[in-house]
Structures are given as structure tokens and as C-alpha cells.
1. Which numbered condition trips up residue 12, out of (1) free of Cβ contacts under 8 Å to residues at least 24 places away in the same chain; (2) part of a helix (DSSP H, G or I); (3) within 30 Å of the chain's Cα centre (by Cα); (4) more than 16 Å from ligand 1 (Cβ to nearest atom)?
2. If I filter the range 237-246 for residues that are in contact with a strand residue (DSSP E or B) (Cβ under 8 Å, 6 or more places away or on another chain), over 30 Å from residue 126 (Cα atoms) and within 16 Å of ligand 3 (Cβ to nearest atom), do I get at least one hit?
3. Select from the range 51-77 the residues that are buried (at least 19 other Cβ atoms within 10 Å of the Cβ), modelled with pLDDT of 95 or more and out of contact with any strand residue (DSSP E or B) (no Cβ under 8 Å at 6 or more places or on another chain) and list them in ascending order.
4. Which count do you get for residues in the range 527-550 that are within 20 Å of residue 293 (Cα to Cα) and touching a strand residue (DSSP E or B) at 6+ places or on another chain (Cβ under 6 Å)?
5. Can you confirm whether residue 80 is touching a strand residue (DSSP E or B) at 6+ places or on another chain (Cβ under 7 Å), outside any loop (DSSP other than H, G, I, E, B) and within 16 Å of ligand 2 (Cβ to nearest atom)?
6. Check off (1) touching a strand residue (DSSP E or B) at 6+ places or on another chain (Cβ under 7 Å); (2) over 23 Å from residue 287 (Cα atoms) for residue 448 and give me the number that stays unchecked.
7. For the range 368-378, name all the residues that are touching a residue at least 24 places away in the same chain (Cβ under 8 Å) and surrounded by fewer than 16 Cβ atoms within 10 Å (Cβ to Cβ).
Ligand code: ATP
Ligand code: MG
Ligand code: MG
């Protein structure tokens, strides 16, 4: 049973608690501030935060900012905003790994003093050569047996700026014959004369990820350090670091499979390319799955949480259909949001027997499945807009909407019968003429006859004009994600802009991030970047039809 069974991480935690390995649970989310977070990160955030909640433990927010080459303060702010939006509350536990540089330096000195680290003069290429391969053991560096005193002095000189980038490194002294290449004397400190966004020019040596990360976890008292599968064979090194540094309550690393979506790009490199080439309008373009993009498109934190829960936590790599994410937002919004009428491809409908200049206000429930959303009055008058494809001059079989002689219900209003239509000089239908039957008013209890079709409409002289953006996946996976030259295979129809949609007056005053069901057309959200009170802009979050079934 999905709801009650425990995933393998929960099982491991409960075992640790039962055996007294840890008496509390303390997790963290440790992004590197080198880009925007995406749906995959959301999984990691909600997992770590959720575990802390579930076991009444703590959750840390930590910027893993130990590599100054790629990091920017701009990303720190966007990451914080995204995590807050998702609802993961770090309270007062916001940390920066760079604040631990002194402690990391001391940790390296401690290893040197224990004879467990040495300064090596081999260059990057030589180190790679000496490292060996999966089938061949590595070769020991000629600098491996330097004395503790010499290593201490050289490391100090590295710190003091005596050496150029790449001239010397500090390596852990482990085992050049280990079957695990990560254990073959990995580099733990390198020289890099770069200004750091937090520590400025204080340091010209920086710790490597595999050395820094376990120290960060240990300093913060993390118990379960959850990461993705590619770090599985780094775990022996993680354990080596915390053991050799003799932390009293060493943290434990647990890996799970990354989240991948079909038909969606999450790779930073590619998103950057899409942004730089102007194919999308920034990191928050609604076609992307960065958290900022999902928010702008109209996804909710609840829908993302539902999605992540449905995906589950696993040890094996797989990708999840984008349709499942769509399913989750539909489920989340369907009872919460008003169902209003908007016409995306308008054509005029004239009710010939409705008096010119007359208007009446019809009652309409905002959501038939949720009374709490109340009701509204919709003005009804002689001229309306309907969807172009709700009329056909020559209908195929089983077409129950408007065609000459046919009668349909106008939603929340009356039956209308198509009497005639008008074409322009190109043969395009520009007006449909109907008569209405006053007896058939919605809510009047009329049972005299039935119609098979119900269509939506907007009163012409009360309509609000809006721009509506319709989206498809930016990548068409059936044709392959990449072209032969390695470029992305883009779907040319990923964005359709509808410039003259008409909305019923109830939409007036809609603000950024407000979302609605447009009856029959899907769920839509006011675009936070481009919408103005004068010209509303909506993003289609998702259509109403689903290809995904639970
Ligand atoms: P990069 O090295 O390109 O920055 P990254 O996306 O893994 O890769 P991090 O900032 O290191 O960037 O990620 C922070 C956390 O999010 C890590 O613990 C990482 O394992 C997790 N994470 C990243 N991508 C996914 C994903 N697709 N699914 C689940 N967790 C992920
Ligand atoms: Mg990252
Ligand atoms: Mg990373």
C-alpha cells in the first residue's frame, strides 16, 4: 500500500533510530548557487524537508558555495525564493559552506598531521595518468612520502599564495590500488586565485566537493546526508573523511535516483543555451521546468508535492511522464478554482430575437463541484462571442454544436437555434445568427425538450480582451531530444500566442498568479511578468483532457 509503506530511506532512518545510531533526524538541502532550481531539486527539497518533519527533526538550508568559479549571488536569492515557495521552512538554519573554510583548512591540517594527506606537485594530466583505470591499479605519486613537516609547510605556502593555480594540490593519502578510483589519493584542496562571492580574496585555495561536503554535514550535525545516485561510489570517501577527522557523531550518506521527466530539459547547460539564444524568455519561461517557470506557468506547491509523492523514492533510474505532472495540477485546481468562460478563437453570435440594447444578469455557480466558491452574475445580451469551432456550416456526424437548424444550450443561459450565418469575401464565416427561446432559461426547470450540445460564450460588449499563451513541450521526444549535430530538437509549436481572446467580466481585476478554469479550455494563470491591468496575459497551465490515468 503506497500510503502506508515506507520508502528505503525511511526504513534506513527508522533502523538507525531503533539501534541508537542516531537519536534524532537532521537533514539538509545543499544546492550549489550556480543556476536556478528545477523540478528535480524540488524532489530533493521536499524529500529532505519531509523527512525532518516526519521524524520531528531539523532541516538545514545550506549553500554549497565552495567552488567560486561558477557561483553567483543572484542564484542565492532565486534559490531561497523557490524553496520558500515550495514551503520547506529552514527557520533560522540558513548556512553557507564558505563560512566553514577555516574549519576545512584545519581539517586538512589535521589529516596532514596524521600522515593522511600530502602536497603533490604532479600536474592535472599526470595525476590523471597515475590514477589508473577500472582494470588497472593506480601508481603512487613520487611526492606521496613527503614528511609531515614538509607537507605542513607546503600547504601553508599554498594558502599564502606562493603557488600558481594547478602548481600544487593537497591529496588524501588513501590507496592507489583501491578498486574504487575515488579512493586513489583524491585531491582535497586546490590552488585557485579567484575572488569568492562570500569570502572575497581571503582564500586562494579551495576544498574539493568530496572533502568539503562531509565536513559541512558533520559541522552542522546532519545525520542523514541524502544525495543522488551518482555519488554512490563516492560514499567510501565520504566515510573516510568523517572517520579520519574523528567526528563524534559522523553523518551518513544515502543515495536515491534522480528525477527525470520525459520531453523536458532540466540540464542547466541546455536551459542556459535556450535562454542565451532567445528561444525562451528567461529561466522562468513557462515552458521550462525550473521551479520559477513552474510557478509562473501556474503550478502550485501542492501540485508539485503531490507529483513528487507519486514518483516515490527509488534506487533505480527512470523517467516520469510529464503527463503525470499535469495530472497533479489538474487534481489540485479542479475544486479550488472558479470555472469561468473565455473564448480563445472568437466568432460573433447574434441573437436576432433578443432586443437590441437589452441586458439581463444571469446567475452562474463559480464551480458546480464546490459551492464554497459562490456564484456570479453574467450579463447576457444580443451579441456574444463563441468559439469558432463551435459552429460548422457542414457538420460531420456526431457534431452536436451549432450548425444551421441545430439548437444548443448556451451555458448558464438559454437554448439558441442557428438560423443563418454570414461570410466575408474570402468565404470565412464571421457571424452566426440564432434565435433564443425565453422558456429555456437555465435554472427555470424547463423540460420541454433536450439539446445535445452546450457551448460557452462571452457577452460581446462586456468582454475583456486578453492575450492567452498556449504551450506544448519544448522538446518532441518522439523525434529524439537531440539532433545529429548535438543541438536540441525543438518543437516549433511549443508556444502559440492568442492575441485577442475574450473573457467574461468576472475576470476583471485578476492579478499575477491568479488561476482559473476556462471552461472547456483548461486551467490558466495570469502571467506574472507580462500581464497588466489594461491587457491581461494568461498562460495555459494545462488542458482539461488527460492522457494520464492513476
Ligand atoms: P550541478 O552539478 O549541475 O550543479 P545539481 O543539479 O546536482 O548539478 P546541486 O546544486 O548540487 O546541483 O543540487 C542540489 C541537490 O539537488 C543535490 O543534493 C542533488 O543531488 C539534488 N538534485 C539535483 N538534481 C536532481 C534531480 N534531477 N532529482 C533529484 N534530486 C536532484
Ligand atoms: Mg545545482
Ligand atoms: Mg552539483
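The values are calculated or read from the model by the stated rules, or taken from the named source; none is laboratory data. Keep in mind the model is a prediction, meaning the values are calculated, not measured. Here the Cβ is made from the backbone with ideal geometry for all residues, glycine too, and neighbour counts use every protein chain on show.
1. Unmet condition: (1).
2. no
3. 55, 64, listed by residue number.
4. Residues flagged as within 20 Å of residue 293 (Cα to Cα) and touching a strand residue (DSSP E or B) at 6+ places or on another chain (Cβ under 6 Å) within the range 527-550 amount to 11.
5. Against the criterion (touching a strand residue (DSSP E or B) at 6+ places or on another chain (Cβ under 7 Å), outside any loop (DSSP other than H, G, I, E, B) and within 16 Å of ligand 2 (Cβ to nearest atom)), residue 80 does not qualify.
6. Tallying (1) touching a strand residue (DSSP E or B) at 6+ places or on another chain (Cβ under 7 Å); (2) over 23 Å from residue 287 (Cα atoms), residue 448 fails exactly one: (1).
7. Once the filter is applied, which keeps residues that are touching a residue at least 24 places away in the same chain (Cβ under 8 Å) and surrounded by fewer than 16 Cβ atoms within 10 Å (Cβ to Cβ), the range 368-378 yields 368, 369, 370.
Condition check ((1) at pLDDT below 95; (2) closer than 30 Å to residue 290 by Cα; (3) surrounded by fewer than 17 Cβ atoms within 10 Å (Cβ to Cβ)) across all residues:
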site	(1), (2), (3)
426	no, no, yes
430	no, no, yes
487	yes, yes, yes
493	yes, yes, yes
505	no, no, yes
517	no, yes, no
